[in-house]
1. Check cross-link reach from Lys87 to the aspartates and glutamates: straight Cα distance under 18 Å, and skip same-chain residues fewer than eight apart.
2. Keeping every protein chain present and rolling a 1.4 Å probe, give me the accessible area per residue for the chain in Å².
3. State the label only: which of (i) 25.4; (ii) 33.2; (iii) 30.6 corresponds to mean projected area of the Cα convex hull in nm² computed from the shown model?
4. For Lys87, what accessible surface area do you get with a 1.4 Å probe? Give it in Å², rounded to 10.
5. Taking all protein chains as present, what is the carbon and sulfur share of the accessible area of region 343-478, in % to the nearest whole number, probe 1.4 Å?
6. About the Cα centre, and with charges only on the beta carbon of Lys, Arg (+1) and Asp, Glu (-1), how big is the dipole of the chain? Nearest 20 debye, please.
7. Among the aspartates and glutamates, select those whose C-alpha is under 20 Å from the C-alpha of Lys318, and discard any that sit fewer than 8 residues away in the same chain.
8. Set the Förster distance to 35 Å, then compute FRET efficiency between Glu462 and Gln360 from the Cβ-Cβ distance, nearest 0.05.
Amino acid sequence: MRIGLLTEGGYPYATGEARLWCDRLVRGLPQHEFELYALSRSADQERARIPLPEHVTHVRTAPLWAPADDGRTYSRRERRRFADCFKELVHGICAGAPDPFAAGLYGLAGLAREQGGLYAALRSESAVRALEAACRAPGASRTVQAAHVADLLEFVDELERMLRPVSLDWYEEDARGEGLGAVDVCHAAAGGVAALPGLLAKRFFGVPLLVTEYGVQLRAHYLSQLGAGRGEEPRPAVRALLAAFHLRLATEIYARADFLTPGNAHARRWQERCGATRDRLRTVYPGMEADRFATVGESADRGDPDTLVWVGRAEPAKDLIALLHAFAEVRRAEPRARLRIFATAADPGYLADCRSLAAQLFPDEAADSVTVGENPVAFEEIGGPEAPSAAEAYGAGRVVVLSSVIEGFPLTLAEAMLCGRATVSTDVGAVCEVIGGTGLVVPPRNPRALAEACLSLLGDAERAERLGAAARARALELFTVEQNVAAFQEIYLRLLAKGSQRPDGGGIPFARPPEARVPGHWTSPTWAKPAPDPTSEAAV
């Protein structure tokens, strides 16, 4: 089977989202051929790629960050066609109408497929005027109606970048039989722009589309707009237009995808609210390499009985400020308690604020007038001499804490469970679904409740060990690479057996037999030459 794997800002690059689970999926299914179609987000990201297995037969990349002007100009007839399609698209965005949005999107894609890229047309004066007319039309929100010229120009610039996959040459089957139009299944590793090529391959070639979302892209966009206020304040009209575009695109993807695999019930609820039907939904938890945590998880050593451990990215959504205030209450009740914070990555400004608060709340302590003081809160990095691996970081204490106010699928929590550690978490995102009764859960932004839960486990070693054992058993059942790969193998076969809507296959499963395309020297020109006639002089 040929799988077209679609990514944005991740695999096969060394940094980015969905990189690890995509690599584990590909390596876990060596019996299939994978073709990668990757959108990159920066020049730095493109400089480093991870090694790919042999059954990845083809890789195509395209930047979302670089200018994409191909110098293509349209004739008068083509410009009228573009104007009609673009008017429908922006009307659907501004008025919240799904049908005009879809008609405009596929119309622009058909124009780009026949005539070339849309770069110049999307940045033209006629595009800006069409957008302005849609913003002023009845049905648009007050925020959108108040858009100024600068807002329109900024949104058109963003729209061109988000619609860049429409102009790519990924779709038509080339002389080597490669292209999204020739694969058996398109698998988008995320929603939003990453799934747009798969949406077009389904529209024009009938290729089944599978969309996996471990973090809902629409939700991620909303959260990014909330966080934008820490820097340059975005224009309200631009924010409203971008939110409307992402909502309309998500709705179209959920309506057209043959199958959707949310990573948890939290993501599933978002998809259902945006129009996904339950018969096309199946929750598939992300898979983690359980072997990495086996040594710590199976060890009799339960870690330092007085130590709390936090692991993750140091950023405002993780609410380390509340954790430090909670730990201040823990210290008052249990003076021997320590807190070790392992930052896998960090927002430098936020991490500096946390260090400053820790220094104020916990002045360095010394046993006597000669000994150098030591702070009970330690900020460390995984890879250092005391914690060279993530497993050893989790194993450093008896209890692992998660204090987030915003969370999708809490990977660090699942890793702590694989290490057999009792956990104390805030009730956000998919935390309760992951924990499943094997840890303590408290309300977010409540340092007192967080402190009381931590103290209850620090003071009861038997209970902490019992919860840790149950957590490891649950994680081994639900969150391993093996269960993840097996689920997708089943879904791939289900989509292929269902039959496609290809013009050449008539919807018949396996209408194009595997031997029609055999990679390697079998299809080389030398091999393809007819055998000589044994009665001819050349054969003699």
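1. The reachable aspartates and glutamates, counting only those whose Cα sits under 18 Å from Lys87, are Glu78, Asp99, Glu125, Glu132, Asp151, Glu154, Asp157, Glu158, Glu160, Glu252.
2. Values: 24670 Å² over 540 residues.
For the chain, the per-residue accessible area is 46 Å².
3. Computed from these coordinates, mean projected area of the Cα convex hull in nm² corresponds to label (ii).
4. 110
5. Details: 3010 of 5960 Å².
Roughly 51 percent, rounded to a whole number.
6. Numbers: 61 positive and 70 negative charges, 367 e Å.
My answer is approximately 1760 debye.
7. In chain and number order, the partners are Glu17, Glu329, Asp347, Asp353, Glu380, Glu381, Glu407, Glu415, Asp427, Glu433, Glu452.
8. Details: r = 36 Å, r/R0 = 1.02.
Result of the calculation: an efficiency of 0.45.
The values are calculated or read from the model by the stated rules, or taken from the named source; none is laboratory data. What you see is a predicted model; the values in this text were computed from it and never measured. Cβ: placed from backbone, ideal geometry, glycine included. Neighbour counts: every protein chain shown. Only protein heavy atoms, including side chains, enter the accessible area calculation; ligands, DNA and RNA are left aside. Shrake-Rupley method; radii C 1.70, N 1.55, O 1.52, S 1.80 Å.
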